[in-house]
Structure formats: C-alpha cells, structure tokens
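Encoded as structure tokens, the structure appears first; notes follow it.
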Amino acid sequence: MEATGLPNCDPLLHSLTTGVAELAGLIGLNTYHAQLSCLGGVTMRKIILLLASLILATGLTGTGPLNSVTEAWAEAAANGSSERDRLLAAFERIRDNYVDELDQSELVTAAIKGMTAVLDSHSVYFDRKAFRNLQIVNGLVGLGVEAVMEKGAVRVVAPIDESSAAKAGVMVNDVITHIDGVPLQGLTIDQAFEKMRGPVNSRVQLTIVRDGYKPVELTVLRETIRVRSVRMRQEGEGIGYIRIALFNEQTAHLLREAIRDLSSLIPADKLNGYVLDLRNNPGGLPDAAVSVADTFLEDGEIVSVRGRNPEQIERFNARPGDSINGKPLIVLINGGTAAGAEIVVGALQDHKRATVIGSRSFGKGSVPSIVPLGVGQGALRLTTGRYFTPAGRSIHAAGIMPDIEVLQDYPQSPENDKPLTMAFDLLRGIASNPAFPPRP
C-alpha cells in the first residue's frame, strides 16, 4: 500500500526511510539523502531498492559497525516483503557476504533442490545435464528393477520379470544401500538409477538390506531389458492363467491375444474362470493399464486423475465389451503391485468385477509431469496429480487392500504359491469364501 506522505506513513516505512537517509548523509552520499528526505509517496519495495543500491554503491558487504545496521534493516524489510523478495534477499546476502566467493549458478541450483526436498520423493530437479540424459539413451542399459526413494533410502518396488535383477535375487522391498561400494544416502532416485546404468554386459555390485537379515551383496549384469509383457497358460482343464509383468505399448493387444488363445484351448462350457497375476508388476504406461482394465469391464469409470484444483478432474471410462464375457475373474496382488497395476486392481475391485487375493499393494498413485525451466536451464519433475479409484479411493500411499488376504513372499516355488493355490481352489469349487464371487 502506498503512503501519502512520511508523517502519516506506516511506522516501519518511516523508520526505514529515516534510517537509510541518515546512513546516506553519514557517508556523504547527499544524492541519496536528498532523494529519501523529500520522498512523498513511498512503498516497501522502493525502500528495499534504495537500500540495495546504497549498499552496492558503498561496498558495504563486509563487517563493520555499519554492517550490523544494514542487516537489521534488511531483516525488517524482508519481514514486510513478499516470499519471493525474501528468497531474493537471502540469495543476495549469501552471495555478497559469505566468507568465500560463490558461484551464482550453484547457489540457484541449491535453492531449487532445497525447495523440491520438501515435496514428495517423486518430485525432483534435473540440471541441464540430467535433463539431457532423460531424453537421450546413449547406449546405456540397466538392471530391470523399479525402485523409489523412501526416507532417504532406495527401496525396490519390484524386479521386472526375467530381468538381470530378478535373476540375481533382488526382491520386493529390498533396500539398496550401496552401488559398487558407494553409499546412496543423500542421492535422488534418478541419481541412484544413473549409477545402475552402464554399458551392456558390465557388472554392478549391489549392497542390499532385508528385514531381519544381514546386508546381502549381489552382482547384477547390466543388459538390455526385453520384457514379455503378457504370458498365459492353461491350468488344468478349466482355468486360464494370465500374467502381466508390466504395462507397455503392446500389453493390451497381447492380453486380447492371450484371451483368444485360452478361449480356443478351453471350451466355454468347461471354462471355470481366469486368474490375472499382477504381483511384482511395477506399472508402466498408464494408458496401457486403462486399456487392460477396459478389457474386463462393460462400462463405468476406470480411474480419475485429480490435481490441486478439486474441480479439475480427468476421468477415464470403460467402453462396452467384456472380453471374457462375464466369466469369474481373480486378481493376484502383493507389495510389488504398483502404479498402473493398481489402476487395474482398483477398477476391477470397485466394480465388483473381480476378487482380489494377496497382500496390500505398493501405493504408488502419483501423476508426474516434466516442467522445463527454459532453454539450457534444466527441468522439474513434479507431482501434479494423483490417481483415484472409481469409488474415490486414493491409491497413493494407501495402496489397494485385497478382498482375501494371503500373506506370502514372492517369488516362491509354484508348488508352494499360496495365493495362486487359493485362486485355483476357488475357481474349481474346492474352497469357498464370502468374497468370491464378488457381490454387486
């Protein structure tokens, strides 16, 4: 707010103006003294700008009796200015007063990283080099593991089926503490992944901590990740088993092919139902997950994306046509079921289209967006929305609870696969449970 004159202006503005004028007169800068003494309309911003120019003109950036005065005035000015001004004031004071000369670019980078540090673990800053690496493959390959940063630790969501990480023994919920002996504490998840990537056929040493076990050392081969997104088999005479390892461009098409193949193998009058195995599925393309859910639904909402503004909700709906014609469906999940896989599970569960067996899913329901900061200035990856099931349940952090809880680590031998055995027994009528079949 503008003051109409110094005698009637805000006391803080009056004291600042008087103080700066006195300082100008004291050190012989009569131009500033006159400018401040005759100032009729004055704002806090004008005071700040005049104070800053006065400091720059006199070189008052070190220690001395005048420095403590200017510090007090700067603090008072910052309290009355906007948050952006406060950040700018802090930047300038650090740049000008710190004992060693500092690189301005490093200060800005540190400030941006400090801001993203108070956000969720999926929101990070990419400097120019890191942002470029996001867009260029450069012939580097990885380990085939999906992981997240959680409380400063790299936690495995799931190893991808048949990947080098899975073959080496990496498991759901493993915490990776070191890569090639270098600790990961303090790194972002993208920096950790960068250390995992390297030339094809090179090896990397992972130090892993598991609950109740001493640290484990695993050697993993870097290789090009080729994933069979969908696999299927006939189980006994009347059950179709379908495994989806992750969601990519081919998943929905391969799923429809798998259903057609199983339909040709099992006569309709002998078909007891299907098992859809989404355990250790870390997600992938959300659009592919929506298409998979649509495969089993006749209509209704599949998932919604909600951002900061509650009025802006993006909804994804099913189109008519259930590819398995209403046959019983059981979905298997565990702690490695995440992101897109949770979209599928939430939709089928809320619509009472499937019975869900296993343990609580991971709870990765954030929607990231890449926000460039300008040419050569890097970018931000920000969580701009979250996924909600048709019933309005947030997937993020909460995950999806199964209808029938069967606790068991994965992987295990097929003969001792308790959730899968339960699913087969329910479809064959050997076992019963109030949750199967689901009641609308």
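The values are calculated or read from the model by the stated rules, or taken from the named source; none is laboratory data. Not measured: the values here are computed from a predicted model. In this analysis, Cβ positions are derived from the backbone assuming ideal geometry, glycine residues included, and neighbour counts consider all displayed protein chains.
Under the condition of being within 13 Å of Ala252 (Cβ to Cβ) and in a strand (DSSP E or B), which residue from region 284-317 is farthest from the chain's Cα centre (by Cα)? So, considering only residues that are within 13 Å of Ala252 (Cβ to Cβ) and in a strand (DSSP E or B), the one farthest from the chain's Cα centre (by Cα) is Ile302.
On the stretch given as region 190-223, residues that are under 27 Å from Gln250 (Cβ atoms) and at pLDDT below 85 total 1.
Rundown of residues vs (1) farther than 22 Å from Gly340 by Cβ; (2) out of contact with any Asp or Glu (no Cβ under 9 Å at 6 or more places or on another chain), yes/no style:
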residue	(1), (2)
Thr207	yes, no
Met232	no, no
Leu254	no, yes
Ile259	no, yes
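Candidates are the residues of region 329-343 that are closer than 7 Å to Arg279 by Cα and of a type in the set (A, V, I, L, M, F, W, C); the one that is surrounded by the fewest Cβ atoms within 10 Å (Cβ to Cβ) is Leu332.
Only one entry in Lys364, Lys352, Lys327 is assigned by TED's automatic domain parsing to the domain that holds Gly399, under 30 Å from Thr109 (Cα atoms) and basic (Lys, Arg), namely Lys364. Total residues in region 91-107 satisfying the condition of being part of a helix (DSSP H, G or I), more than 17 Å from Gly378 (Cβ to Cβ) and of a type in the set (A, V, I, L, M): the figure is 1.
Of everything in region 340-391 that is hydroxyl-bearing (Ser, Thr, Tyr), in a strand (DSSP E or B) and in contact with a Leu (Cβ under 9 Å, 6 or more places away or on another chain), the residue that is modelled with the highest pLDDT is Thr355. Every condition in (1) at pLDDT 80 or above; (2) surrounded by 14 or more Cβ atoms within 10 Å (Cβ to Cβ) holds for Arg84 except the one numbered (2). Inspection of region 375-392 identifies at least one residue that is under 30 Å from Ala130 (Cβ atoms), out of contact with any Phe, Trp or Tyr (no Cβ under 8 Å at 6 or more places or on another chain) and free of Cβ contacts under 8 Å to residues at least 24 places away in the same chain. Does region 137-160 contain any residue that is more than 27 Å from Leu380 (Cα to Cα), assigned to a loop (DSSP other than H, G, I, E, B) and free of Cβ contacts under 8 Å to residues at least 40 places away in the same chain? No, every residue in region 137-160 fails to be more than 27 Å from Leu380 (Cα to Cα), assigned to a loop (DSSP other than H, G, I, E, B) and free of Cβ contacts under 8 Å to residues at least 40 places away in the same chain.
I'm trying to understand the selection: among the residues of region 173-189, which are modelled with pLDDT of 90 or more, within 20 Å of the chain's Cα centre (by Cα) and of a type in the set (A, V, I, L, M)? Once the filter is applied, which keeps residues that are modelled with pLDDT of 90 or more, within 20 Å of the chain's Cα centre (by Cα) and of a type in the set (A, V, I, L, M), region 173-189 yields Val175, Ile176, Leu184.
In summary, Ser369 fulfils each of the numbered conditions (1) surrounded by 20 or more Cβ atoms within 10 Å (Cβ to Cβ); (2) farther than 28 Å from Gly236 by Cβ; (3) of a type in the set (S, T, N, Q) with the single exception of condition (1). Restricting attention to region 264-281, does a residue exist that is farther than 18 Å from Gly363 by Cα, part of a helix (DSSP H, G or I), without any contact (Cβ under 8 Å) to a residue 12 or more places away in the chain and among the charged types (D, E, K, R)? Yes, region 264-281 contains at least one residue that is farther than 18 Å from Gly363 by Cα, part of a helix (DSSP H, G or I), without any contact (Cβ under 8 Å) to a residue 12 or more places away in the chain and among the charged types (D, E, K, R). Residue check: Pro320 meets all listed conditions (1) part of a helix (DSSP H, G or I); (2) surrounded by fewer than 24 Cβ atoms within 10 Å (Cβ to Cβ) but one, namely (1). For region 392-411, residues that are modelled with pLDDT of 90 or more, part of a loop (DSSP other than H, G, I, E, B) and under 16 Å from Thr421 (Cβ atoms) total 2. Restricting attention to region 242-301, the residues being buried (at least 24 other Cβ atoms within 10 Å of the Cβ) and of a type in the set (Lys, Arg) number 1.
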